[in-house]
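Following: one structure in C-alpha cells, then a few remarks.
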Amino acid sequence: MAAQAGYEQFQGIRKELVGIVGQLRDVVAAIGQESLVSTTTELRDRVASETFRVLIAGEFNAGKSTTVNAMLGDEVLPAAATPTTAVLCVVRWGEPKRALLYRADATSRSSLDPAPQEIKVTELGHYVTVGASSGGPNKWGLAEICWPLEFCRPGVEIIDSPGLNDSPEHSRITLDYVNRADAVVFVFSALQALTEAERKVVDQQLKIFSHDNMFCLVNRINQVGDEDDVADVTADARARMKEYWALGENRVFFVDAKGALKGRQNRQPERVANSGLPVFEQSLEQFLTTDRARVKIVPSAIQAQEISADARIHIDSVFTLLDKNIEALTAAYESQAGPLDRLRQERELIGRSIETHLIGTRIQVEEAARRMLLKAASSCPEWARAIDRVHKVTLRPFKARAQAEAAVQEISDGLSDQILQYAEDWQQGELADIIAQRSSDLDDQVGEKLIAFARNLDEIRTAILNAGGAGDDFLASPGSRGAAIAGGILLNPGALLIGAQFGFKEMLKELIPQLGLAVGLALLGFGPGFLITALFGMGAIRALFKLTKLNEKIVASVAASVSQKLRDEATDITRAIAGEIYAELDEQRVEVDRKLAAPVAALHEAVQFALHERDRTKESNTEVKARLMVSHQELDEIDRRAGAIVKDWAMGYPASGR
C-alpha cells in the first residue's frame with residue numbers, strides 16, 4: 001500500500017487507549033476491586049490485539065488468490081486457472097514464515113482446533129487446493145499463514161476464501177468470517193463481470209449481512225480489449241453494482257491483479273500503478289482506519305469510562321465505610337450474610353428460569369421451522385409448474401441431454417429462489433413473531449424477580465452503609481445512589497435492562513439480524529449452485545435422461561426430488577436454525593447473570609477493603625482516604641482522556657462515504 005498514515009494513526013490511538021486501560025487496571029487493583037481487575041485486563045488485551053480482517057470472496061477462477069498475492073507482493077497462496085483454494089486461508093504478519101492447518105470441523109464460531117498442524121509455507125498447495133493430497137478439503141477447513149509482509153504489519157489480516165459456490169460446508173466457514181470481517185472484497189472477472197450466477201450467489205447468500213463494508217474488485221480489466229470496450233465494461237459494472245447493492249464509485253475498482261503482483265515482485269512501480277490496485281488499497285485503508293477503526297476504538301473507550309464510573313462509586317462507598325465503627329460494620333455485614341445468600345439463590349433461580357424459557361423457545365422455533373420446511377416441500381410441485389421456462393427438450397436427439405440438463409438447472413434455480421424467499425418471509429414473519437412473543441413472556445416471568453433482586457440488594461447495601469451512623473452521608477446523594485444502581489445493576493442498554501426499564505423485548509432488536517443469518521446458513525444447501533449439484537447426484541434426476549417425453553416428466557421429477565431433499569434434511573436444518581437462535585439468546589442469559597453477580601461482588605469488595613484498611617491503620621483513616629482521593633483523581637483523568645477519544649472518534653472523523 002502506498003501510504004501507511006491511516007494505520008499509523010490507528011496504532012497511535014490504540015496505543016494511547018491501551019495505556020489508559022492499563023492505568024485503569026492499576027487503579028482498580030489498588031482500591032481492592034478484584035472483580036474489575038480481570039475485566040480491565042481483558043479489555044486491555046482486546047484493544048491491544050485488535051486487527052483489521054479483510055475477506056476476499058467470490059466465485060472460483062475470478063482471481064481471488066492472485067489478488068491476495070498482489071496485495072501481499074509475493075506468491076504466498078497457490079493460484080491457477082482451475083478451481084484452486086478449497087480451504088479458508090488467513091494471512092497475517094509474523095516471523096518466521098510458517099503455516100498452521102486447522103481441521104474443518106473445528107473452524108466453528110466457538111473455537112479453533114487447539115492443536116493445529118504446522119507445515120512449511122512451500123507445502124501449502126498440497127493441503128489447501130481442490131483435489132489436494134493429505135486429505136485436502138475434506139480434512140482441513142482453515143490455514144493460517146504467518147508472513148513478514150509490510151501490508152499485514154499494522155494488524156491487517158487478509159483472508160482468501162473458497163468460492164462461495166464451492167460447497168455448503170466451505171461456504172458456511174466463509175460466511176462465518178463474512179459476519180466477523182471488517183471489509184469484504186468481492187472479486188469478479190472483467191471477462192464475465194457479474195454474471196447472473198454471481199449476482200445470485202452474492203445477493204442470496206450475503207443479503208443476510210450488511211453491505212456497508214463491501215467492496216467490489218473487477219479483475220483482468222487489462223484483458224477486456226480496447227479503450228472503448230474497457231469503458232463499456234466499467235460503466236456497465238458500476239451501474240449494476242449500484243443498482244444491486246447501492247455501491248458508489250469509491251467501492252468499485254477495476255484492476256489487473258497479476259500485473260500488480262509481477263510489478264511488485266520485479267520492483268516495477270509504474271506497472272503496479274497502472275494495475276489499478278494501489279487506488280483500491282488506498283480506499284480500503286481509508287475505510288479501515290476511519291469507519292472500522294471507529295467501531296473498534298469507541299466502544300472500548302466507552303467501556304473504560306463505565307469501569308471508571310464503577311470504581312469511583314466504589315471509592316465513595318469505601319469512604320462511607322471507613323468512618324464506621326469497625327465492630328458495628330463487621331456486625332452489620334455479618335447480619336446481612338443470610339440476605340446475601342438468599343440474593344445469590346435468587347440469582348441462580350433467575351438464571352434457571354431464563355434457561356428453561358430459552359429451551360422452550362428453542363423447541364418452539366424448531367417446530368415452527370419444521371412446519372415451514374414441510375410446507376415448502378409440499379409447495380415444490382406448484383412452484384415448479386409456475387416457473388416461466390426458457391429451456392425445453394426438442395426433437396433433436398444429439399442435443400437432448402444438454403437441453404435436459406439446462407432445463408433441470410433452470411427449474412432447480414427457480415425452486416432455489418422460491419425456497420429461500422419463502423424461508424425469508426417466514427423468518428421476517430412467523431419467526432420474528434415467535435421471538436417477540438417469547439421475549440414478552442420472559443418479561444412477565446422474570447421481570448418482577450429482577451426488580452425484586454435490585455430492591456433487595458439496595459436494602460442490603462443501605463443496612464451495611466448505615467451501620468453505626470451515616471458517616472459521609474453517601475446515601476443522601478440521589479445522584480451517587482442512582483449512579484451506583486446504574487453502574488452496578490443495570491445492564492448494557494443496547495441489550496438488556498434491569499429494574500423499571502428491564503425488558504427482554506429489547507433482545508429482539510439485536511437478534512433480528514441474527515435470525516437471517518441462522519436461516520441463511522441452515523439453508524445453504526438449497527442456494528444457487530448447491531441445489532443443482534445435489535440434484536444431479538440423485539437417482540431420480542439421472543433416470544430422467546433415459547426417458548422419452550422428457551418435457552412431460554422433467555418438471556414433476558425435479559420438483560419431487562427437491563421436495564424429498566427438503567423432507568430428508570428438515571431435521572438437521574430445523575436443529576441448526578433453532579440452535580443458532582438459542583446460542584444468541586443464551587449469550588444474553590450469560591450477560592444477565594454476570595450483571596447480577598457484579599454488584600454483589602462490588603459490595604463485598606468495598607466492605608472487605610474498608611475492614612482491611614481499618615485493621616491495618618488502626619485508628620487513623622487519613623492516610624487511606626488520601627490514597628483514595630488520589631485514585632479518584634486518577635479515575636477522573638482516565639474518564640477525561642477516554643471521553644476525549646470517544647468525542648474525537650465518534651464525531652471528529654467523517655465516515656468514508658459509499
Report summary line: Out of (1) open to solvent by less than 30 Å² (accessible area, probe 1.4 Å); (2) modelled with pLDDT under 65; (3) closer than 12 Å to residue 87 by Cα; (4) of a type outside the set (Lys, Arg), the one residue 128 does not meet is (2)
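Can you name every residue in region 220-229 that is open to solvent by 40 Å² or more (accessible area, probe 1.4 Å) and in contact (Cβ under 8 Å) with a residue 12 or more places away in the chain? Steps first, answer last, please.
Residues of region 220-229 open to solvent by 40 Å² or more (accessible area, probe 1.4 Å): 220, 222-223, 225-229.
Once the filter is applied, which keeps residues that are open to solvent by 40 Å² or more (accessible area, probe 1.4 Å) and in contact (Cβ under 8 Å) with a residue 12 or more places away in the chain, region 220-229 yields 220, 222, 223.
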Query raised in the report: Of all residues in region 94-121 being open to solvent by less than 80 Å² (accessible area, probe 1.4 Å) and assigned to a loop (DSSP other than H, G, I, E, B), which is modelled with the lowest pLDDT?
Result: 107
Query raised in the report: Out of all the residues in region 355-394, which are at pLDDT 90 or above and among the β-branched types (Val, Ile, Thr)?
Result: 356, 359, 361, 363, 365
Report task. Out of 301, 237, 273, 246, report the one residue that is touching a helix residue (DSSP H, G or I) at 6+ places or on another chain (Cβ under 9 Å) and at pLDDT below 90. Result -> 237
Requested in this report: Any residue in region 407-434 that's farther than 12 Å from residue 559 by Cα and among the hydroxyl-bearing types (Ser, Thr, Tyr): show its pairings with residues that are at pLDDT 85 or above and assigned to a helix (DSSP H, G or I) at Cβ separation under 8 Å, as long as the two are six or more apart or on different chains.
Outcome: 422/372; 422/376; 422/379
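For the subset of region 291-305 comprising residues that are of a type outside the set (S, T, N, Q) and in contact with an Asp or Glu (Cβ under 7 Å, 6 or more places away or on another chain), which member is most open to solvent (accessible area, probe 1.4 Å)? Spell out how you get there, then give the answer.
Of the residues in region 291-305, the ones of a type outside the set (S, T, N, Q) are 291-299, 301-302, 304.
Those left that are additionally in contact with an Asp or Glu (Cβ under 7 Å, 6 or more places away or on another chain): 292, 296.
On the way: 292: 59, 296: 23 Å².
Ranking the candidates gives 292 first.
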Query raised in the report: When you look at residue 604, is it part of a helix (DSSP H, G or I), open to solvent by 70 Å² or more (accessible area, probe 1.4 Å) and in contact with a Phe, Trp or Tyr (Cβ under 9 Å, 6 or more places away or on another chain), yes or no?
Result: yes
Report summary line: How many residues of region 1-51 are within 20 Å of residue 645 (Cβ to Cβ) and outside any helix (DSSP H, G or I)? The answer is 3
Query raised in the report: Among (1) closer than 16 Å to residue 635 by Cα; (2) of a type in the set (Gly, Ala, Ser); (3) surrounded by 24 or more Cβ atoms within 10 Å (Cβ to Cβ), which single condition is residue 70 missing?
Result: (1)
Requested in this report: Would you be able to say whether some residue in region 210-224 is within 30 Å of residue 45 (Cβ to Cβ) and in contact with an Asp or Glu (Cβ under 9 Å, 6 or more places away or on another chain)?
Outcome: yes
Query raised in the report: Does any residue in region 369-390 that is touching a residue at least 24 places away in the same chain (Cβ under 8 Å) and at negative phi come within less than 8 Å, Cβ to Cβ, of a residue that is hydroxyl-bearing (Ser, Thr, Tyr) and open to solvent by 20 Å² or more (accessible area, probe 1.4 Å) six or more places away or on a different chain, and which pairs are these?
Result: 370/571; 372/422; 376/422; 379/422
Report task. Could you identify the single residue in 199, 180, 172 that is at pLDDT 65 or above, over 26 Å from residue 143 (Cβ atoms), of a type in the set (Lys, Arg) and open to solvent by 30 Å² or more (accessible area, probe 1.4 Å)? Result -> 199
Report summary line: Result of the Cβ filter at 8 Å on region 141-154, keeping first residues that are part of a strand (DSSP E or B) and partners that are of a type in the set (Phe, Trp, Tyr), at least 6 apart or interchain, is 141/102; 142/102; 143/102; 143/127; 144/102; 146/93
Query - Among (1) modelled with pLDDT of 65 or more; (2) crowded, with 19+ Cβ neighbours inside 10 Å; (3) not in a strand (DSSP E or B), the one test that residue 187 misses - result: (3)
Report task. Take region 325-354 and flag every residue that is under 40 Å from the mean Cα position of the chain (by Cα) and either under 15 Å from residue 458 (Cα atoms) or open to solvent by less than 30 Å² (accessible area, probe 1.4 Å) (or both). Result -> 340, 341, 342, 343, 344, 346, 347, 350, 351, 353, 354
Query raised in the report: Limited to region 237-290, what total is found for residues that are open to solvent by less than 20 Å² (accessible area, probe 1.4 Å), of a type in the set (D, E, K, R) and assigned to a loop (DSSP other than H, G, I, E, B)?
Result: 0
Report task. Go through the residues of region 424-439 one by one and say whether even a single one is crowded, with 19+ Cβ neighbours inside 10 Å, more than 25 Å from the chain's Cα centre (by Cα) and at pLDDT below 85. Result -> no
Query raised in the report: Would it be correct to say that residue 320 is farther than 22 Å from residue 615 by Cα, touching a Phe, Trp or Tyr at 6+ places or on another chain (Cβ under 9 Å) and among the polar types (S, T, N, Q)?
Result: no
Report summary line: Checked region 332-366 for anything of a type outside the set (Val, Ile, Thr) and free of Cβ contacts under 8 Å to residues at least 12 places away in the same chain; matches are 334, 337, 338, 341, 345, 348, 352
Query raised in the report: Identify, please: which residue in region 607-645 is free of Cβ contacts under 8 Å to residues at least 24 places away in the same chain and part of a loop (DSSP other than H, G, I, E, B) and is, among those, most open to solvent (accessible area, probe 1.4 Å)?
Result: 619
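The values are calculated or read from the model by the stated rules, or taken from the named source; none is laboratory data. Keep in mind the model is a prediction, meaning the values are calculated, not measured. Positions of Cβ are generated from backbone atoms using ideal geometry, with glycine treated the same way; all protein chains shown enter the neighbour counts. For accessibility, only protein heavy atoms count, side chains too; no ligands or nucleic acids. Shrake-Rupley method; radii C 1.70, N 1.55, O 1.52, S 1.80 Å.
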